1. State the number of residues belonging to region 24-54 that are outside any strand (DSSP E or B), among the hydroxyl-bearing types (Ser, Thr, Tyr) and either without any contact (Cβ under 8 Å) to a residue 12 or more places away in the chain or surrounded by fewer than 17 Cβ atoms within 10 Å (Cβ to Cβ) (or both).
2. Considering each of Val542, Val507 in turn, give the residue that is touching a residue at least 12 places away in the same chain (Cβ under 8 Å), closer than 29 Å to Leu392 by Cβ and crowded, with 23+ Cβ neighbours inside 10 Å.
3. Restricting region 88-105 to residues that are part of a helix (DSSP H, G or I) and free of Cβ contacts under 8 Å to residues at least 40 places away in the same chain, which is farthest from Thr174 (Cα to Cα)?
4. Taking Val288 as meeting all but one of (1) within 30 Å of Gly201 (Cβ to Cβ); (2) among the β-branched types (Val, Ile, Thr); (3) assigned to a helix (DSSP H, G or I), write down the number of the exception.
5. Could you run through region 295-321 and say how many residues are part of a helix (DSSP H, G or I), surrounded by 13 or more Cβ atoms within 10 Å (Cβ to Cβ) and either among the small types (Gly, Ala, Ser) or over 26 Å from the mean Cα position of the chain (by Cα) (or both)?
6. Which members of region 154-199 meet the condition of being out of contact with any Ser or Thr (no Cβ under 7 Å at 6 or more places or on another chain), closer than 22 Å to Ser456 by Cβ and assigned to a helix (DSSP H, G or I)?
7. Applying the selection to region 62-116, what residues are closer than 21 Å to Leu313 by Cβ, among the β-branched types (Val, Ile, Thr) and in contact with a Gly (Cβ under 8 Å, 6 or more places away or on another chain)?
Amino acid sequence: MKALATDRSLLNGLTALLPRSAVAITLGLLVLPITVGLLGTLLPAFGYLPALGGHKLSLQPFRDLAATPGLPWAAMLSMATGLAATAVSLGVTLIFVASYAGTPTLSRLQHLLSPLLAVPHAAAAFGFAFLIAPSGFLIRLFAPLFGIDRPPDILIPHDPMGLTMIAGLVIKETPFLFLVTLAALPQVSLVGARRLAGSFGYGQIAGFVYLLWPALYGQIRFAVYAVIAYSSSVVDVALILGPNLPGTLATRLLQWMNDPDLSARFLASAGAVLQLAVTAASLLSWFVLERLASGLLRRSREKGWRCVHDRSLRRASILMVGLIGAAVFAGLAILAVWSLAGLWQFPDLLPQTFTLRSWINALPRLADPLATTLVIGFASTLLAVLLVIGCLEREFQTGRTVGQRALLMLYLPLIVPQITFVFGLQLLFIGSGSEHRLVALVFVHLIFVLPYVFLSLADPWRALDRRYEVIATALGRSRLSVLLSIRLPMLIRPILTALAVGFAVSVGQYLPTLLIGEGRLATITTEAVALASGNNRRVIGVYALLQTVLPFLAFALAAMLPAAFHSNRRDMRV
């Protein structure tokens, strides 16, 4: 008995040590690569890169950057598109949630918008481009009514003001902010606030904004910052929908990073520092807007503006959300049609013939990118889930949840622009002489997968009743045994959902794959975006559709597998 007690004590000690190690590894993966990557970008930006002859610090890269034509417009365009896309996405989310929170309409649209998270940004951008292009489906739809027999000569994708790019970002970021807001909604007293506002004669939107929105926004603030950082430095969506001459700052940086002249790396590093400054300025501008909006809200509340007549605004919000969902799904449908299209002349609404020729021709070239996508996605996501489970188990043991500082560290890879530190990591990988590009890609993808997996799994893990563990430990079970035989089986559905979320994030990574893979390792996403400069919509449809199908299959498996695992437990199948 004494030996058994000793073994159990050692097992419990090991079980406590492993989650502590997982926390340290997770924090290291979130902070160290970004720090090292930024350092790897800053040094060449100031002229220090011995491998290319830069042996002393200099401001010459910044002088060369300042002399680049069109640079101020590119920087302003990046900042404006990021702020505009975030403002529209958050505004639509706020008005819709304020109008329909607690109603069946919200639940129905939640089921409609949830699958949109599985759609990669590049695939959604391609579908949107095929929908609204001068020869796109919408023009074809109205061509007979207006007598249009040739595509109009206008720039819809790639317009100089970036309006199409803003719209493309809105249709992807609105579902994200909507679902993040819904996750935070149970933390506020919705029913009580509705009754209180109604008793004083306030409209639904005004009552929600006055009483609930300040606390709710505090819960989703970091998610909003992540949207600003992404939108102001995005590369793949900018290549597909954004302006070309000049392009956004991020697309200019990508050109310099891929320049055959290696001396352009100094210019690219200086540009990456400028991109960091542009994103920081965007975040600072948003911070100022937060203060202005808070003052305006307080003043409106003090003046007693009840805004009772808000029915038109509520209907407009549901129309906007419906249009966003319809745009994404219609775009995916058009991608599917183009991948099977034979002859499809303008202004025909549908192809004259359907064929599998595009798929048959693409299949030989799909094998390697598909294998790389699956290996990197599964490896990075599995590692992320293991680390997150360790962190949450540590949190469960100590009883201390993640604070604001730790939450900021969790969002750090999403707030710091990818192009500013991944470029530094690329230079360091090249300088190390390592040939293990696949391992490096898994490592870099893990940095971006970790935050999403943690946010997906944290709430279900914390919500599990602690009494199950109390009863099991009272019966003599060790912590490890409780984790493996009780907690993990009961949480298999959210764990698989977190795996699907992480896999979808990995599949959609374009810039890290392009820079770290250096063209040696291609994925479905990098191949799809590379086709954006071409004009073969059939091949683009094949790659973009496959890019979308992979995350959908992951979510489908996450929905079906729990029923198979719990086939002998009726209540667990629900």
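1. Summing the residues that are outside any strand (DSSP E or B), among the hydroxyl-bearing types (Ser, Thr, Tyr) and either without any contact (Cβ under 8 Å) to a residue 12 or more places away in the chain or surrounded by fewer than 17 Cβ atoms within 10 Å (Cβ to Cβ) (or both) in region 24-54 gives 1.
2. Sole residue among the options that is touching a residue at least 12 places away in the same chain (Cβ under 8 Å), closer than 29 Å to Leu392 by Cβ and crowded, with 23+ Cβ neighbours inside 10 Å: Val507.
3. Within region 88-105, the first condition is being part of a helix (DSSP H, G or I), and the residues that meet it are 88-100, 104-105.
Retained after the next criterion (residues that are free of Cβ contacts under 8 Å to residues at least 40 places away in the same chain): 91, 104.
Values: Gly91: 9, Pro104: 20 Å.
Here the residue is Pro104.
4. Status for Val288: all satisfied but (1).
5. We begin by selecting, within region 295-321, every residue part of a helix (DSSP H, G or I); these are 295-303, 311-321.
Those still in the list that are surrounded by 13 or more Cβ atoms within 10 Å (Cβ to Cβ) too: 297, 300-301, 313-314, 316-318, 320-321.
Going one step further and asking which of them are either among the small types (Gly, Ala, Ser) or over 26 Å from the mean Cα position of the chain (by Cα) (or both), we end up with 297, 300-301, 313-314, 316-317.
Number of matching residues: 7.
6. The answer is Ile171, Lys172, Pro175, Phe176, Val180, Leu182, Ala183, Ala184, Leu185, Pro186, Gln187.
7. Passing the criteria: none in range.
Per-residue answers, yes or no, for (1) touching a helix residue (DSSP H, G or I) at 6+ places or on another chain (Cβ under 9 Å); (2) at pLDDT below 90; (3) assigned by TED's automatic domain parsing to the domain that holds Phe555:
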site: Thr373; (1), (2), (3): yes, no, yes
site: Ala384; (1), (2), (3): yes, no, yes
site: Cys391; (1), (2), (3): yes, yes, yes
site: Gly399; (1), (2), (3): no, yes, yes
site: Ala406; (1), (2), (3): yes, yes, yes
site: Val444; (1), (2), (3): yes, no, yes
site: Leu450; (1), (2), (3): yes, no, yes
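The values are calculated or read from the model by the stated rules, or taken from the named source; none is laboratory data. As the structure is a prediction and not an experimental result, all values here were calculated from the model. Every residue, glycine among them, receives a Cβ derived from its backbone with ideal geometry; neighbour counts consider all protein chains shown.
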